[in-house]
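Structure record follows, encoded as structure tokens.
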Amino acid sequence: MYEWVLWFHVISFISWFAVLFYLPRLFVYHAENIDNSGFVEVVKIQEFKLLKYIGVPSMWATVISGAYLSYLYGFSGNGWLHTKITLVVLLIIYFYSMEKYRKEFAEDRCIKSGKFFRMYNEIPTVLMLLIVGMVVLKPF
């Protein structure tokens with residue numbers, strides 16, 4: 001059973017990160033093309049569907065399967081696991097911040113620049129490197 005849940009967790013993780021990487025890129029395009037109403041209307045639909053139909057289910061699938069794996073692995077004496085969980089909590093906070101920006105864009109009230117979203121787009125990369133590092137290296 002462990003291997004199947006791990007397989008599902010990895011697939012969910014990949015799907016979630018596809019959203020974490022691509023949605024902020026859509027925000028860049030949205031912010032930089034705010035005067036192109038035709039483009040903006042299309043990208044609003046893409047942002048909504050990407051977040052709601054792929055992002056939310058894959059995030060919950062990742063969190064639930066990860067919680068189960070953590071339970072099976074055991075929390076006691078696994079400092080790397082505690083660190084990984086802390087990083088995942090930060091990733092969840094980031095994920096919900098994307099929903100905040102998506103709503104602002106949907107209501108035509110987001111004032112952040114494309115440059116801001118380019119920098120914002122780097123956060124999941126850093127967190128991914130740290131999370132995968134915790135899993136593979138188990139440093140403490």
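Coordinate-derived values only; no laboratory data. Predicted model, so just to flag it, every value in this text is computed and none were measured. For neighbour counting, all protein chains shown are included, and Cβ atoms are generated from backbone atoms with ideal geometry for every residue, glycine included.
Starting from the coordinates of the alpha-carbon atoms of the stretch 28-74, obtain the Kirkwood hydrodynamic radius over all distinct pairs and give the value in Å to one decimal. Don't skip to the end; give the middle numbers.
Numbers: mean 1/r = 0.0779 Å⁻¹.
By the Kirkwood definition, the hydrodynamic radius is 12.8 Å.
Over 24 Å between C-alpha atoms is what I'm after, so list which of Lys49/Lys84; Lys49/Lys138; Lys49/Lys112; Lys52/Lys112; Lys49/Lys100 land there. Provide the component values of the computation, followed by the final result.
Values: Lys49/Lys84 29 Å; Lys49/Lys138 36 Å; Lys49/Lys112 21 Å; Lys52/Lys112 22 Å; Lys49/Lys100 15 Å.
Listed pairs above 24 Å: Lys49/Lys84; Lys49/Lys138.
When you restrict to C-alpha pairs under 8 Å that are six or more residues apart and normalise by the size of the chain, the relative contact order lands at 40 percent. Dividing the summed helix terms, -39500 (n - 2.57) for each DSSP H run of n ≥ 4, by the number of residues in the chain produces a 222 nm estimate of -27000 deg cm²/dmol to the nearest 500. When volume of the Cα convex hull per residue in Å³ is calculated for this entry, the matching label among [x] 124; [y] 171; [z] 93 is [z]. Semi-axes of the equivalent ellipsoid for the stretch 72-114, computed as √(5λ) from the eigenvalues of its C-alpha gyration tensor and ordered from largest down, come to 36, 9, 5 Å.
Each of the peptides 22-34, 43-55 was scored by the mean count of other Cβ atoms within 10 Å over its residues; in descending order, highest first, they stand as 22-34, 43-55. Give me log10 I(q)/I(0) at q = 0.14, 0.17, 0.24 Å⁻¹ for the stretch 11-51, Debye formula, one equal scatterer per alpha-carbon, no solvent. Debye intensities relative to I(0), on a log10 scale: -0.33, -0.45, -0.75.
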